Amino acid sequence: MQKVDIAIAGSGIACTATLIEVFRKLINDGGPKVSITVFEKSHEFWYGIPYGSRSSVNALTITSVYDFFTAEKERDQFFTWFKENKAALLDHYSANGGLTAKQWLERNGKALDNEDFKKVYLPRYWCGRYTQYKFDSLLATVEEKGLVQLNLIKAEVIDVTPKDGSFEVSYELPDNTVSALTAAKVLIATGSAPVKDVVLPEGDGALTLINNLYEPRVDENIKNITDALKSAKSADDRNVLMIGSNASSIEFMYLLAGLPEVTGMINKLVVVSRSGLFPYHIIDKTLDSYPTPNLDKLKAAGNYDIKALIAAAMDDLKIAVKDGVIIPYIDRLIGYTIELLQPMDEEAKKQFLGIYGMQLSNRFRRSGGDYKGGETFLLEIQKLTMLKGGFDSIDADGTLHYTDTDTQQHETYADKFKIAINCTGANDLDQSSSRVIYNLVHNGIAKVNLSGKGFYVNEKFEAAPNLYVMGPLLGGNKNERIHFWHLENASRIMYLAPYLAEELAPSVS
């Protein structure tokens, strides 16, 4: 059986950011050649879903460029690269982005010309191309110096089993044959855990169900939606359901807003969400003060527990976001909450990062002006409706069953749907449809942390000795190195990557 030094499951940003730092370290430190095998189940290496062809060219960064590249050195390097490649990037985007690209350039072209990037949410694939540029340059150097042997396998890793001090990595090839290799170290970098599929009950019906907007590609799914709308018997039957109001749903609405040939056919676009809220818009201003009366009262009273702290923070968040999200206000509120957390014991701090931090984040979900504009447009043309309720099920004929958030009554929606799109979040790891995640959990090799969405790891990124995790599956951990409640965030991954590189390629003494 082939043996390698490092095997990596997944080739998206968690993988590329890590390998960039591994390559830099090897160039600086030298040492014996390191054999690395990277597995990718899709057709495209190095980009992952967000930065590659499975997303639309019109998909934007969730944060502005300044928040995407938080390290000043990295940001400056990106700006230098962007200016050198600006003409080619803009030409490609204009040629492939259609009306959405035209409107984006009208809104943001002046800022780009003036190099005023602080409020610009860039086409996400540009960031992918920049990362690829860095990766390719460093890979060429380490290969030329004989420091790395890199092997790529288009396959899905389905199991990782400890064996004789190493790991046996089993993988399924596109022809469904299964093979394996042995690795001294394994990195799980598969991105977010898969969403829980919506399953249709048996029965007659013509519902088009899309469980993953990005598989195989957004553009292909938009074509499927268009075809389904065209096949509807009447205009009143052209109803679309979006299950969930997370980042993928707001992105999809933005993409729809630039497709009048599709939105013109939609009778009603309904979003069913427990919160009944779309992400808030970001307000670009500062205030003289940022009131936190409930946290102030809690601090003055003292002797509080974690539940009382979170309740006070939630109450102050209602005040903070009543007109939209002011970033300095949110920073102040979260910082104050963490300050009041410090006197508590270690268990409370783990609960904060594993459970409550994400609950707080969900209360101030926000989107930039471009994405918010898509939602606003769909509201203005009276296509978009928010249904405040928890999704229960949908029948094959498009009948929606849900639980009203306010009354907790089970309800059936009056209109039937032609199309349903699953935009819910990641499933818990112990129920994951990812075979490698499921097997790691149920074979007792890795443990799920308090969030349910991530693996417990130590400060060396290890879920087990020499079994490492990077990316969203790190969310919910608290140790000396990792203390984030979520890592659906490229800047955090880039921040952690040098530390993981130290573990994967330790210095040669």
Original post:
H442 versus (1) farther than 30 Å from V169 by Cα; (2) in contact with a helix residue (DSSP H, G or I) (Cβ under 8 Å, 6 or more places away or on another chain): which is the lone unmet condition?
Top reply: (1)
Subject >> Near pairs, Cβ below 8 angstrom, 6+ apart or cross-chain, from the range 286-298 (charged (D, E, K, R)) to any residue that is surrounded by 12 or more Cβ atoms within 10 Å (Cβ to Cβ) >> reply: K297/A312
**OP:** For the range 405-430, name all the residues that are surrounded by 14 or more Cβ atoms within 10 Å (Cβ to Cβ), touching a Gly at 6+ places or on another chain (Cβ under 8 Å) and not in a loop (DSSP other than H, G, I, E, B).
**Re:** E411, A420, N422, L429
Subject >> Check on Q103, open to solvent by 20 Å² or more (accessible area, probe 1.4 Å) and closer than 20 Å to T131 by Cβ >> reply: no
**OP:** List the number of the failed condition for L487; all other conditions in (1) open to solvent by 20 Å² or more (accessible area, probe 1.4 Å); (2) of a type outside the set (D, E, K, R); (3) assigned to a loop (DSSP other than H, G, I, E, B); (4) under 24 Å from E346 (Cα atoms) hold.
**Re:** (1)
Subject >> Failed item, numbered, when K285 is tested on (1) in a loop (DSSP other than H, G, I, E, B); (2) of a type in the set (D, E, K, R); (3) open to solvent by less than 60 Å² (accessible area, probe 1.4 Å) >> reply: (3)
Original post:
In this structure, does K223 turn out to be loosely packed, with under 15 Cβ neighbours inside 10 Å and at pLDDT 95 or above?
Top reply: yes
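Considering L229, L209, which residue is crowded, with 17+ Cβ neighbours inside 10 Å, in contact with a strand residue (DSSP E or B) (Cβ under 8 Å, 6 or more places away or on another chain) and in a strand (DSSP E or B)?
Details: L229 fails: in a strand (DSSP E or B).
The match here is L209.
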Subject >> Selection from the range 431-445 of residues that are assigned to a loop (DSSP other than H, G, I, E, B) and free of Cβ contacts under 8 Å to residues at least 60 places away in the same chain >> reply: G444
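Yes/no per residue for (1) outside any loop (DSSP other than H, G, I, E, B); (2) farther than 15 Å from S35 by Cα; (3) not aromatic (F, W, Y):
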residue	(1), (2), (3)
Y130	yes, yes, no
L152	yes, no, yes
P162	yes, yes, yes
N176	no, yes, yes
A193	no, yes, yes
V198	no, yes, yes
**OP:** Could you list all residues from the range 151-174 that are open to solvent by 70 Å² or more (accessible area, probe 1.4 Å) and free of Cβ contacts under 8 Å to residues at least 40 places away in the same chain?
**Re:** K163, D164, G165, P174
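Here is a yes/no grid of residues against (1) surrounded by fewer than 23 Cβ atoms within 10 Å (Cβ to Cβ); (2) closer than 25 Å to T161 by Cβ:
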{"site": "N439", "(1), (2)": "yes, yes"}
{"site": "L450", "(1), (2)": "yes, no"}
{"site": "V469", "(1), (2)": "no, yes"}
{"site": "E480", "(1), (2)": "yes, no"}
{"site": "L496", "(1), (2)": "yes, no"}
Subject >> Unique match (being hydrophobic (A, V, I, L, M, F, W, C) and not in a strand (DSSP E or B)) among V169, V157, V142 >> reply: V142
Original post:
Which number in (1) more than 16 Å from the chain's Cα centre (by Cα); (2) assigned to a loop (DSSP other than H, G, I, E, B); (3) touching a residue at least 40 places away in the same chain (Cβ under 8 Å) marks the one condition that Y468 misses?
Top reply: (2)
Original post:
With respect to the numbered conditions (1) assigned to a loop (DSSP other than H, G, I, E, B); (2) open to solvent by 10 Å² or more (accessible area, probe 1.4 Å), which one is the sole condition not fulfilled by G398?
Top reply: (2)
**OP:** List every residue pair whose Cβ atoms lie under 7 Å apart, where the two residues are 6 or more positions apart in sequence or sit on different chains, the first residue falls within the range 116-127 and is over 18 Å from I327 (Cβ atoms), and the second residue, located anywhere, is aromatic (F, W, Y) and assigned to a helix (DSSP H, G or I).
**Re:** P123/Y93; R124/Y51; Y125/Y51; C127/Y51; C127/F68
**OP:** Output the residues belonging to the range 295-325 that are among the hydrophobic types (A, V, I, L, M, F, W, C), in a helix (DSSP H, G or I) and farther than 16 Å from M358 by Cα.
**Re:** L295, L298, A300, A301, A308, I319, A320
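Restricted to the range 326-366, and to residues that are part of a loop (DSSP other than H, G, I, E, B) and at pLDDT 95 or above, which residue is nearest to V448 (Cα to Cα)? Steps first, please.
Filtering the range 326-366 down to residues part of a loop (DSSP other than H, G, I, E, B) leaves 326, 342-345, 363-365.
Narrowing the set further to residues that are at pLDDT 95 or above leaves 342-345.
Working: Q342: 25, P343: 26, M344: 23, D345: 21 Å.
Among them, the one singled out is D345.
When you look at A189, is it surrounded by fewer than 17 Cβ atoms within 10 Å (Cβ to Cβ) and within 30 Å of I27 (Cα to Cα), yes or no?
On the way: surrounded by fewer than 17 Cβ atoms within 10 Å (Cβ to Cβ): no; within 30 Å of I27 (Cα to Cα): yes.
So A189 fails the test.
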Original post:
How many residues are open to solvent by less than 10 Å² (accessible area, probe 1.4 Å), within 30 Å of V4 (Cα to Cα) and not hydrophobic (A, V, I, L, M, F, W, C) if we restrict to the range 106-148?
Top reply: 2
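The values are calculated or read from the model by the stated rules, or taken from the named source; none is laboratory data. A quick note: this is a predicted structure, and the numbers were derived from the prediction, not measured. Using ideal geometry, Cβ is built from the backbone for each residue, glycine included, and neighbour counts are taken over all protein chains shown. Side chains are part of the model used for accessible areas, which takes the heavy atoms of the whole protein and leaves out ligands, DNA and RNA. Shrake-Rupley method; radii C 1.70, N 1.55, O 1.52, S 1.80 Å.
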